[in-house]
Amino acid sequence: MSKGPGKIQRAIVALFEAEPHSRLTVPQIAARAYPGETIGKSETEAVRRSLQGIAPQIGLTRCRIARPDGQGWHHVYGRAA
């Protein structure tokens, strides 16, 4: 049983409290949640899993936008306007 939000979830909450109007991708959130560390697949997956649990609780929505190179999509998290 969980004893509350974990380290990454707390970092995500703090990030969106400090920048409430920002729209960020999972790798961008991971870079801020893991300052000074190399961001790899394990870090981005940990952030993605944390977002699944905490995003609805803090009012974040996820939308899908096309990548600038036209090769796929990004998921962007932010608060609804």
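Values quoted throughout were computed directly from the atomic coordinates according to the rules given, and no laboratory measurement underlies them. None of these values were measured; they are calculated from a predicted model. Neighbour counts are summed over all protein chains in view; Cβ atoms, including those assigned to glycine, are modelled from backbone coordinates with ideal geometry.
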For T25, state whether it is in contact with a strand residue (DSSP E or B) (Cβ under 9 Å, 6 or more places away or on another chain), of a type in the set (S, T, N, Q) and without any contact (Cβ under 8 Å) to a residue 60 or more places away in the chain. yes
Per-region count, region 7-38, residues more than 17 Å from H74 (Cα to Cα) and of a type outside the set (D, E): 19
Residue count, region 8-62, condition part of a loop (DSSP other than H, G, I, E, B) and hydroxyl-bearing (S, T, Y), comes to 3
Residues that are over 24 Å from G4 (Cα atoms), hydroxyl-bearing (S, T, Y) and surrounded by 10 or more Cβ atoms within 10 Å (Cβ to Cβ), drawn from region 26-41: none
Among what's in region 42-71 and is among the charged types (D, E, K, R) and within 14 Å of the chain's Cα centre (by Cα), pick the residue that is surrounded by the most Cβ atoms within 10 Å (Cβ to Cβ). E43
